[in-house]
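Shown next, in structure tokens, is the structure this report addresses.
The values are calculated or read from the model by the stated rules, or taken from the named source; none is laboratory data. These numbers come from a predicted model, not from an experiment. No Cβ is skipped: glycine too gets one built from the backbone with ideal geometry, and neighbour counts run over all protein chains shown. The accessibility values were calculated without ligands, DNA or RNA, using every heavy atom of the protein model including side chains. Shrake-Rupley method; radii C 1.70, N 1.55, O 1.52, S 1.80 Å.
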Amino acid sequence: MSNRAVLVESLLVFTAVLAVHAVVWDRFSWCAVALAVQAFYTQFKWDRLLQQGGAVFQFRGAANSGLLPASMVIPLLGVVMKERCRAAGIVYFERFGIVVASTGMLLALFLSVLAVGITKPVPTNTCILTGVAGSVIIYTMKHSLTVSEVIEVLEVLLIFVYLSMILLYLLPRCFTPGEALLVLGGISFVLNQLIKRSLNVIEGKGDPIDFFLLVAVVGVVLLGLFFTVLFIFMDSGTWISSMFFHMMTAVLGLGVIMPWLYRLIQRNPLFWLLQFLFQTQTRLYLLVYWTFLAALACGVVFYQNAKRSSESKKHQASTITRKYFHFIVVATYVPGLIYDRQLLYVAAVLCLAVFIFLEYIRYFRIKPFGQTLRHLLSLFLDERDSGPLILTHIYLLLGMSLPVWLFPRSCAPKGTLSGAGALVPY
């Protein structure tokens, strides 16, 4: 991507930031503008580091770091959540929106400081802008957050730092700095919320759907970390390792994740899930329809691979072929949004867990399907999948699912707590 394209992208981001804050201009608006200006300058430092190979970790080779748009996503999400809950009269969750916005700003600022600190020579103008933006953000947090909320923000930052050191080292060239900010920041926030809920769980309180996403995300991440460390000392491509993989997955799932979820929802998770999926006739129709679309997507994969094997030259899936999957995803989500938003929520969580688990099988070459998955999916690789993981389809799922996960129900009238969003604590 040329500098001109980066400037156009930055202009669109600034426009979005100003459009959101023009509706409600408050102290966080000054923070967002200061952070956007600072991230704009720091983005070019990250781009130079990536081009010269001077970054601390091995980030994915890309045209630019994507720091500016990534830095604005979480703060803008928090501001929108704050204003939406304020309009609905939900004071507690209005405070949570403030925490989300503050956390996103602090994570983005941390990543910017990291880039400035390792750039040689140290960029004077960018350092000044970073100091000004940091001072504005910290001053605003001091006058906007309570002590407990400040502790929560720092907890997420601490988890983010540790996850960054672990995952960016174990998974080189899988993320750009902007993607790392969004993915690892999201995981850090989810992990912090799950820990808080587990320590403060109250029997019979809350919707099981709200816990389902938290446990699923943390469960698959912990599963991946466990096997990544384990297969450093073992050859993952043997039948013995594959049997151990499936056995330990069952042990961790049934012995740790299921009891954890049972403690949170106070009922058997499997029985609850079956009852939820087949509760109404509409859900049965949607499940059958989605099964057909999943089979259609698999058919596209098999057809393209058969086409590759029949040609003498190396065949690679075109951009038009990838658009088939975009069409299938849109056809999947639209009926769910219209007829049953909660079913779509749960189905997207299950699909995310399945996608990540299949990626583990492909990455570790787990028999009997690991090598087959490597062969089938290699057809759809492009320059964005330069690392050991294939994340394009997972990013597509996340992009479509995040609005559903964050706002599974519309905000309720004043005095009620429904519509708070799946990631909101009790």
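Just to be sure before I move on: is Val13 assigned to a helix (DSSP H, G or I), more than 19 Å from Pro172 (Cβ to Cβ) and at pLDDT 85 or above in the structure I sent?
Values: assigned to a helix (DSSP H, G or I): yes; more than 19 Å from Pro172 (Cβ to Cβ): yes; at pLDDT 85 or above: no.
In short, no.
The helices (runs of 4 or more DSSP H) falling completely within the stretch 191-291 that include 1 or more residues that are closer than 21 Å to Tyr162 by Cβ map to 208-230, 239-252, 258-265. Does the stretch 139-149 contain at least one residue that is in the same structural domain as Pro69 (by the TED database), assigned to a loop (DSSP other than H, G, I, E, B), within 19 Å of Arg95 (Cβ to Cβ) and of a type in the set (A, V, I, L, M)? Checked against the condition, which is being in the same structural domain as Pro69 (by the TED database), assigned to a loop (DSSP other than H, G, I, E, B), within 19 Å of Arg95 (Cβ to Cβ) and of a type in the set (A, V, I, L, M), the stretch 139-149 yields at least one hit. The residue pairs whose first member lies in the stretch 240-251 and is in contact (Cβ under 8 Å) with a residue 24 or more places away in the chain, whose second member is open to solvent by less than 30 Å² (accessible area, probe 1.4 Å), and whose beta carbons are closer than 6 Å, counting only pairs six or more residues apart or on different chains, are Ser242/Ile366; Phe245/Ile366.
When Arg341, Arg365, Arg374 are checked against the criterion of being open to solvent by 50 Å² or more (accessible area, probe 1.4 Å), closer than 20 Å to Pro208 by Cα and among the charged types (D, E, K, R), a single residue qualifies: Arg341. Just to be sure, is Leu182 touching a helix residue (DSSP H, G or I) at 6+ places or on another chain (Cβ under 6 Å), modelled with pLDDT under 85 and either outside any helix (DSSP H, G or I) or buried (at least 19 other Cβ atoms within 10 Å of the Cβ) (or both)? Criteria not met by Leu182.
Only one of the numbered conditions (1) free of Cβ contacts under 8 Å to residues at least 24 places away in the same chain; (2) within 19 Å of Phe28 (Cα to Cα); (3) open to solvent by 50 Å² or more (accessible area, probe 1.4 Å) is violated by His143, and that is (1).
Exactly one residue out of Met234, Met243, Met248 is open to solvent by 50 Å² or more (accessible area, probe 1.4 Å) and modelled with pLDDT of 85 or more: that is Met243. Looking across Leu277, Leu284, Leu296, Leu273, one residue alone is within 24 Å of the chain's Cα centre (by Cα) and either at pLDDT 90 or above or not hydroxyl-bearing (Ser, Thr, Tyr) (or both). It is Leu273.
Which of the residues that make up the stretch 76-118 are part of a loop (DSSP other than H, G, I, E, B) and either on the phi > 0 side of the Ramachandran plot or touching a His at 6+ places or on another chain (Cβ under 8 Å) (or both)?
Keep residues of the stretch 76-118 that are part of a loop (DSSP other than H, G, I, E, B), which gives 89-90.
If the condition is that a residue be part of a loop (DSSP other than H, G, I, E, B) and either on the phi > 0 side of the Ramachandran plot or touching a His at 6+ places or on another chain (Cβ under 8 Å) (or both), then Gly89 is the only one that fits.
Would it be correct to say that Phe160 is touching a Ser or Thr at 6+ places or on another chain (Cβ under 8 Å), crowded, with 19+ Cβ neighbours inside 10 Å and not assigned by the TED database to the domain that holds Arg48?
Numbers: touching a Ser or Thr at 6+ places or on another chain (Cβ under 8 Å): yes; crowded, with 19+ Cβ neighbours inside 10 Å: yes; not assigned by the TED database to the domain that holds Arg48: no.
In short, no.
Count, please, the residues in the stretch 119-135 that happen to be in a loop (DSSP other than H, G, I, E, B) and either hydrophobic (A, V, I, L, M, F, W, C) or in contact (Cβ under 8 Å) with a residue 40 or more places away in the chain (or both). Step through it out loud before you land on a result.
Taking the stretch 119-135 as the starting set, the residues that turn out to be in a loop (DSSP other than H, G, I, E, B) are 119-123.
Okay, now just the ones that are also either hydrophobic (A, V, I, L, M, F, W, C) or in contact (Cβ under 8 Å) with a residue 40 or more places away in the chain (or both), so 119-120, 122-123.
Here the count works out to 4.
Under the condition of being among the hydrophobic types (A, V, I, L, M, F, W, C), over 20 Å from Leu379 (Cα atoms) and touching a residue at least 24 places away in the same chain (Cβ under 8 Å), which residue from the stretch 288-302 is surrounded by the fewest Cβ atoms within 10 Å (Cβ to Cβ)? Give the steps one after another, and end with the answer.
We begin by selecting, within the stretch 288-302, every residue among the hydrophobic types (A, V, I, L, M, F, W, C); these are 288, 290, 292-298, 300-302.
Pick out the ones that are also over 20 Å from Leu379 (Cα atoms) and you get 288, 290, 292-293.
Now restrict to residues that are touching a residue at least 24 places away in the same chain (Cβ under 8 Å): 290, 293.
Details: Trp290: 19, Leu293: 15.
Applying the filter and picking the extreme gives Leu293.
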